[in-house]
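K.L.:
Sharing a structure here in structure tokens format.
What follows draws every value from the coordinates through simple rules; no lab data is involved. Quick caveat: nothing in here was measured; it's all calculated off a predicted structure. Cβ atoms come from the backbone with ideal geometry, glycine included; neighbour counts cover every protein chain shown.
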Amino acid sequence: MKIFIKNQNSAERLVRFIVSLFLIPAPLIFGVNPFSVAQSIVGGILLFNAFSGMCVIYRIFGANTCET
């Protein structure tokens with residue numbers, strides 16, 4: 001059983017990467033508070049999605065935007 005199955009197209013991965021670059025440094029810019037830490041965590045998840053090409057939410061719902 002393959003754990004990491006690519007289910008995102010390259011344009012979607014690029015958008016997730018760019019958004020993650022804005023979200024990850026939130027605690028450094030706005031100070032450490034629960035909202036900025038949550039933004040940083042979401043940015044980390046988006047960065048993982050961008051590099052791996054696999055979205056867990058897509059996998060749960062059976063969605064696939066990858067060109068096959």
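K.L.:
With a sphere of radius 14 Å drawn around the Cβ of ASN7, what net charge do the other residues whose Cβ falls strictly inside it have (Lys, Arg +1; Asp, Glu -1)?
P.N.:
+3
K.L.:
Then there is this: With the cut-off at 14 Å, report for the stretch 10-61 the share of all Cα pairs above it, as a whole percent.
P.N.:
That tail contains 51 percent of the Cα-Cα pairs.
K.L.:
Whole-Hz Karplus ³J(HN,Hα) for the stretch 58-65, in order, using 6.51 cos²θ - 1.76 cosθ + 1.60 and θ = phi - 60°, x for Gly and Pro?
P.N.:
Here the 3J(HN,Hα) series is 4, 5, 4, 8, x, 7, 8, 9 Hz.
K.L.:
Determine ³J(HN,Hα), in whole Hz, for all residues of the stretch 10-25 in sequence, where each value follows from phi through the Karplus function 6.51 cos²θ - 1.76 cosθ + 1.60 and θ = phi - 60°; x replaces Gly and Pro.
P.N.:
Ordered by residue, 3J(HN,Hα) equals 5, 5, 5, 5, 5, 5, 5, 5, 5, 5, 5, 5, 7, 8, 4, x Hz.
K.L.:
Compute the angle between helix 34-52 and the longest alpha-carbon principal axis of the chain, please, reported from 0 to 90 degrees and rounded to the nearest 10.
P.N.:
30 degrees
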